[in-house]
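Inspection log for the structure reproduced underneath, given as structure tokens.
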Amino acid sequence: MKQRSFGSTGRTVSEIGLGTWQLGSQWGPVDDASAREVLAAAVDSGVTFFDTADVYGPEVSEERIGRFLKDTGRLGDVGDSLFVATKLGRFPEPGWPDNFSLASFRQHTEASLRRLGVEALDLTQTHCLPEERMREGEMFEWLRTLQQEGKIRHFGASVETMDEALLCLEQEGLASLQIIFNIFRQKPITTLFERAQEKGVALIVRLPLASGLLSGKLTADSTFAADDHRNFNRDGDHFNVGETFAGLPLAKGVELVEQLREQLPTGMTLAQLAMRWILDFPAVSVVIPGARRASQVVENGTASELPPLGDARHRALADFYTNEVADHIRGRY
């Protein structure tokens, strides 16, 4: 697994990490044993970056990672340990708007510390919080206070839109931005990448496979469990529609996938194409696909060893996005 610098933090991380929303059992049932297998497979594949949040479960994902870190002895010095990023701001207790205070940020940070079993969080991120609250800037002052207290090493923001990303880039000390970026959602290339590199801000890419669309395994008739966001949020009824199928209607997404197959290099799967395409952008620090099975972790990791796609294919995929995809994306972007 190749490594990349994580912005200006001085840390390096595997260029493919692991998103752990699903380990909180919010994306179909994942039991303790299966979660451990996924985490172990990730480490065995060279993954050094885990992304979690206090609301995944809630609490379950952090607790499972914490037990794994303790049992495997990955709680040593910073240079030898895994890099674990978490998020805060959406926990149900005390809930909005009471979550937005230094006291609540401290309470949620200390709870994450206990669940993960660490003395300081490698990275905590604001968790897709309202733009107007981010614009006020006060929450970033709270994060700087927690950093000064030694509870967090670095802070960042997970955002939904490029306007939010650019807003957060103006915050002094911001270490990272987590964004949605994939072949179906290419706007960050022209609006964010250069500015983030200038600022030394790491970019964490979530939803690289567009909720499974870019695996090529879904059909327009695919059904999902009741607690799967691809069932209850496909039209943005519960949170930003961009978090599900990159904001595309499922049927349209499947249609576009069939067009995309024409771009496949010989011997490469659609998922590998999607992951390799993201890794070809040096502004990206780490990609965090989710996985419910160890085999999925291994498959995701193969993209790190594949050769770059080349300029001609990148031009073709950019044209595909502009001409076939962009007009169909729903929601703020």
Handout entry: Residue in segment 225-234 that is nearest to GLU160 (Cα to Cα), counting only those that are free of Cβ contacts under 8 Å to residues at least 40 places away in the same chain and more than 18 Å from the chain's Cα centre (by Cα)
Key = ARG234
Practice task
Could you please find all residues in segment 93-108 being among the hydroxyl-bearing types (Ser, Thr, Tyr) and surrounded by 15 or more Cβ atoms within 10 Å (Cβ to Cβ)?
Solution key: SER104
Problem - 2 or more residues closer than 19 Å to PHE155 by Cβ and of a type outside the set (A, V, I, L, M): qualifying strands (runs of 3 or more DSSP E) within segment 1-70 - result: 49-51
Problem - Given (1) in contact (Cβ under 8 Å) with a residue 24 or more places away in the chain; (2) surrounded by fewer than 18 Cβ atoms within 10 Å (Cβ to Cβ); (3) within 24 Å of LEU129 (Cα to Cα), index of the condition ASP237 fails - result: (1)
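Conditions tested, residue by residue: (1) crowded, with 24+ Cβ neighbours inside 10 Å; (2) within 23 Å of LEU129 (Cβ to Cβ).
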{"position": "PRO29", "(1), (2)": "no, no"}
{"position": "ALA40", "(1), (2)": "no, no"}
{"position": "THR52", "(1), (2)": "yes, yes"}
{"position": "GLU59", "(1), (2)": "no, yes"}
{"position": "ARG67", "(1), (2)": "no, no"}
{"position": "LYS70", "(1), (2)": "no, no"}
{"position": "LEU88", "(1), (2)": "yes, yes"}
{"position": "PHE91", "(1), (2)": "no, yes"}
Completion exercise
Going through segment 312-333 in order, the residues found to be outside any helix (DSSP H, G or I) and either more than 19 Å from ASN240 (Cβ to Cβ) or of a type in the set (Val, Ile, Thr) (or both) are ILE329
Problem - Boolean, LEU309 is crowded, with 18+ Cβ neighbours inside 10 Å and in a loop (DSSP other than H, G, I, E, B) - result: yes
Fill in the blank from the handout: Taking segment 172-213 and keeping only residues that are over 22 Å from VAL84 (Cβ atoms), in a loop (DSSP other than H, G, I, E, B) and over 19 Å from the mean Cα position of the chain (by Cα), one is left with GLU172
Completion exercise
Scanning segment 92-115 for residues that are among the hydrophobic types (A, V, I, L, M, F, W, C) and modelled with pLDDT of 95 or more gives PHE100, LEU102, ALA103, PHE105, ALA111, LEU113
Exercise for the section: With respect to GLY242, determine if the residue is in contact with a strand residue (DSSP E or B) (Cβ under 9 Å, 6 or more places away or on another chain), assigned to a helix (DSSP H, G or I), closer than 22 Å to VAL325 by Cα and not β-branched (Val, Ile, Thr). Expected result: yes
Exercise for the section: Just give me the residues in segment 86-117 being assigned to a helix (DSSP H, G or I) and of a type in the set (D, E, K, R), in sequence order. Expected result: ARG106, GLU110, ARG114, ARG115
Practice task
Please indicate, with yes or no, whether at least one residue in segment 295-306 is crowded, with 18+ Cβ neighbours inside 10 Å, hydroxyl-bearing (Ser, Thr, Tyr) and not in a helix (DSSP H, G or I).
Solution key: no
Practice task
Quick one: in segment 214-234, of everything that is of a type outside the set (Phe, Trp, Tyr) and part of a helix (DSSP H, G or I), which residue is surrounded by the fewest Cβ atoms within 10 Å (Cβ to Cβ)?
Solution key: ASN231
Problem - Subset of segment 246-285 [touching a His at 6+ places or on another chain (Cβ under 8 Å), within 23 Å of GLY301 (Cα to Cα) and either modelled with pLDDT under 95 or surrounded by fewer than 21 Cβ atoms within 10 Å (Cβ to Cβ) (or both)] - result: ASP280
Handout entry: Hits in segment 248-263 - residues which are of a type outside the set (Asp, Glu) and in a helix (DSSP H, G or I)
Key = LEU250, ALA251, LYS252, GLY253, VAL254, LEU256, VAL257, GLN259, LEU260, ARG261, GLN263
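The values are calculated or read from the model by the stated rules, or taken from the named source; none is laboratory data. Predicted model, so just to flag it, every value in this text is computed and none were measured. Cβ: placed from backbone, ideal geometry, glycine included. Neighbour counts: every protein chain shown.
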